[in-house]
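Working notes, beginning with the structure itself.
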Amino acid sequence: MLMKFIRKTLLRKKDFSFRDLGERRLKDVIEPIRLYQVLSKELREEFPPLKTLDARPNNLPIQLTSFIGREKELKYLKDELKQNRLLTLTGTGGAGKSRLSLQAGADLIDDFETESGL
């Protein structure tokens with residue numbers, strides 16, 4: 001929808017520019033991506049801060065692969081984390097406990113922001 005508006009309106013007038021928002025870590029994307037905002041008189045310029053993994057101070061490592069499957073377990077884990085401060089995941093080595101917990105942490109990072117940002 002936005003691209004259609006840009007093509008119809010802005011590209012004809014050539015009255016637009018881009019604001020570089022820098023490189024950001026997005027969920028389920030391996031490498032950081034450089035983001036740009038389209039600027040024009042016909043578009044609003046102020047938006048809330050981006051909710052990206054690097055917008056909040058954290059020590060979550062960059063994941064080298066996307067998270068596939070285990071949606072049921074991930075939903076259960078996130079629901080439990082909203083009610084309990086500490087959860088213990090048990091299972092055999094290599095079952096994916098660490099990867100599951102890192103994904104849940106990345107998905108819920110905005111829900112656990114404190115005043116100090118930690």
Quote the charge dipole size of region 57-118 about the Cα centre in Debye, to the nearest 20; the model charges only the Cβ of Lys and Arg (+1) and of Asp and Glu (-1).
340 debye
31 Å Cα-Cα threshold exceeded, pairs from 41/75; 51/72; 41/82:
41/75; 41/82
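No value in this document is a laboratory result; all are computed from the given coordinates. Fair warning: this is a prediction, and the values are worked out from it, not measured in the lab. As a convention, Cβ positions derive from the backbone with ideal geometry for all residues, glycine included, and neighbour counts pool all protein chains shown.
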